[in-house]
Amino acid sequence: MTKDKLINSRIYPWIVVGLLWVVALLNYMDRQMLSTMREAMQIDISELESAVNFGRLMAIFLWIYGCVSPFAGAVADRISRKWIIVASLGVWSAVTMLMGYCTSFNQIYWLRALMGISEALYIPAALSLLADYFTGSARSLAVGIHMTGLYLGQAIGGFGATLAAAYSWQATFHWFGIIGIAYALVLMLLLSDKRAERQNPEEFSVPSKKEPVWKSFALVFSNISFWVILFFFASSSLPGWSTKNWLPTLFADSLGIPMAQAGPISTITITASSFIGVLLGGSLSDKWVKKNLKGRIYTSAIGLALMIPALVFIGLGSGMVAAVGAGVCFGVGYGMFDTNNMPILCQFVSVKHRATAYGIMNMTGVFAGAVITKVLGQWADNGNLGLGFALMSGVVAFALCLQIFILKPSSDNIE
């Protein structure tokens, strides 16, 4: 089969899911490794002994990632998403490799900032591309399968401390960076950004390249429903980023185990259950929306509801059983929520501005994550990290109410 025939075949959209699944894995793996490697790295870089400094290192990624995200989305609505994805992967993988050569806090700090720029380009382009390939009933499932790559990458990243103990933190960064660079070459050959308008010009279109970026932002922000989506996305980002950046530390402290064990336990617990949540939430949403246009919203709301008690028990519970049980509940809920964000966005935002809209969502969610990462760093130094996790359940509960009672879609795919 020639490349053109493959691209035009019915199975190619699922091939795209598979190709991007690997990129998603590398995306979260490379960013997550650092969260578990603090103990190994602070031997060579003494500034990392401070939880506040470590929080700064994690937060700079989030601030840069957030600032770039809206513009990354606007670019993805205008130029080839294939080359955005390839370039993004290549740059952040090179940064990961270079981190293995760092000898000072400032070097890691600025490389982490550069990683924030390159990784921000990926998600809006990837989800927009998937939304174009899946316009029917499989949209949530396709997005969900892609999201499992993020979760598995997070889990593998949790083994950063284990690999650093077995080899060195320098070698861990070095080899994972090389893997990403090699896969970028694979994408150059196999990935195609065949815009949906080529198949059905009347159903899909790409905004004119002459349309000013500010006009795209204005159209998105004038949508009242988008503001609600933006709020509940940001609210869920508080515990989402907290579990990524601070759950290994919380488990190590509350369970009295070394980070080399706490990292894998925390990330695998969340990741394995998120797999279940994504597959369950994607399938349920795709079926429910056929009977009720709010089916995707209700599925997402179930996920948020599961996260509320989970956060309380993660923060205030005691013992391995309580910690793992709460982590499983949180992961399932977060997976059900996460797999439906882009499909819900498609119910309220035109295909011409989806990447831009998701970029704005990414920015807001990441800024919320940057704030909570820094705050939890201060709370961790004061011994109140668990309380911080528990208090986030109230914010999620409020977001759940807004989502259910305000969002009223008129279509499953706004053109």
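The values are calculated or read from the model by the stated rules, or taken from the named source; none is laboratory data. Keep in mind it's a predicted model, so treat the numbers as computed, not measured. Positions of Cβ are generated from backbone atoms using ideal geometry, with glycine treated the same way; all protein chains shown enter the neighbour counts. Only protein heavy atoms, including side chains, enter the accessible area calculation; ligands, DNA and RNA are left aside. Shrake-Rupley method; radii C 1.70, N 1.55, O 1.52, S 1.80 Å.
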### Message
Checking Ser140 against (1) among the small types (Gly, Ala, Ser); (2) under 30 Å from Asp286 (Cα atoms); (3) without any contact (Cβ under 8 Å) to a residue 12 or more places away in the chain: exactly one of these is not met. Which one?
### Response
(3)
### Residue list for the stretch 287-313, restricted to those being closer than 27 Å to Thr249 by Cα and either open to solvent by 10 Å² or more (accessible area, probe 1.4 Å) or assigned to a loop (DSSP other than H, G, I, E, B) (or both)
Ala305, Leu306, Ile308, Pro309, Val312, Phe313
### Query
Going by the conditions given, is Ile268 under 24 Å from Cys67 (Cβ atoms) and part of a helix (DSSP H, G or I)?
no
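Just wondering, is there one or more residues in the stretch 274-286 that are under 17 Å from Asn382 (Cα atoms), in contact (Cβ under 8 Å) with a residue 12 or more places away in the chain and open to solvent by less than 20 Å² (accessible area, probe 1.4 Å)?
First pass over the stretch 274-286, keeping only residues under 17 Å from Asn382 (Cα atoms): none.
There is no residue in the stretch 274-286 that is under 17 Å from Asn382 (Cα atoms), in contact (Cβ under 8 Å) with a residue 12 or more places away in the chain and open to solvent by less than 20 Å² (accessible area, probe 1.4 Å).
Kindly provide the set of residues from the stretch 129-155 that are β-branched (Val, Ile, Thr) and either under 13 Å from Leu279 (Cβ atoms) or modelled with pLDDT of 80 or more (or both), ordered by number.
Val143, Ile145, Thr148 - these are the residues of the stretch 129-155 that are β-branched (Val, Ile, Thr) and either under 13 Å from Leu279 (Cβ atoms) or modelled with pLDDT of 80 or more (or both).
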### Query
Counting only residues that are more than 22 Å from Asp286 (Cα to Cα), touching a residue at least 60 places away in the same chain (Cβ under 8 Å) and open to solvent by 10 Å² or more (accessible area, probe 1.4 Å), which one in the stretch 324-368 is farthest from the chain's Cα centre (by Cα)?
Lys352
### Task
With the condition kept exactly as written, say whether any residue in the stretch 202-220 is modelled with pLDDT of 85 or more, surrounded by fewer than 18 Cβ atoms within 10 Å (Cβ to Cβ), over 21 Å from the mean Cα position of the chain (by Cα) and within 30 Å of Thr103 (Cα to Cα).
no
### Message
I'd like the full set of residues that are open to solvent by 30 Å² or more (accessible area, probe 1.4 Å), more than 16 Å from Pro258 (Cβ to Cβ) and either among the acidic types (Asp, Glu) or without any contact (Cβ under 8 Å) to a residue 60 or more places away in the chain (or both), limited to the stretch 18-41.
### Response
Gly18
## Note on the structure
For the stretch 314-325, the count of residues that are part of a helix (DSSP H, G or I) and either at pLDDT 90 or above or at positive phi (or both) equals 1
### Those residues of the stretch 29-53 which are within 16 Å of Ser242 (Cβ to Cβ) and of a type in the set (Ser, Thr, Tyr), in sequence order
Ser35, Thr36
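May I ask you to verify whether Ile108 is in contact with a Cys (Cβ under 7 Å, 6 or more places away or on another chain) and either open to solvent by 30 Å² or more (accessible area, probe 1.4 Å) or modelled with pLDDT of 85 or more (or both)? Don't jump to the end; show me each part of the working.
On the way: in contact with a Cys (Cβ under 7 Å, 6 or more places away or on another chain): yes; either open to solvent by 30 Å² or more (accessible area, probe 1.4 Å) or modelled with pLDDT of 85 or more (or both): yes.
Yes: the conditions hold for Ile108.
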### Query
Could you count how many residues in the stretch 339-362 are β-branched (Val, Ile, Thr) and under 16 Å from Ala234 (Cβ atoms)?
2
### Message
For the stretch 42-56, give me the residue count where each residue is β-branched (Val, Ile, Thr) and either crowded, with 19+ Cβ neighbours inside 10 Å or within 10 Å of Trp169 (Cβ to Cβ) (or both).
### Response
2
### Message
Contact list please: Cβ distance under 6 Å, first residue in the stretch 289-317 and within 23 Å of Pro343 (Cβ to Cβ) and of a type in the set (Lys, Arg), second residue at pLDDT 90 or above and not in a loop (DSSP other than H, G, I, E, B), pairs at least six apart or on different chains.
### Response
Arg296/Ser285; Arg296/Val289; Arg296/Pro343; Arg296/Ile344
### Query
Out of curiosity, is Val16 among the β-branched types (Val, Ile, Thr) and at pLDDT 85 or above?
yes
### Query
What pairs can you find where one residue is in the stretch 239-262 and open to solvent by less than 40 Å² (accessible area, probe 1.4 Å), the other is of a type in the set (D, E, K, R), and their Cβ atoms are less than 6 Å apart, with a gap of 6+ or different chains?
Met259/Glu39
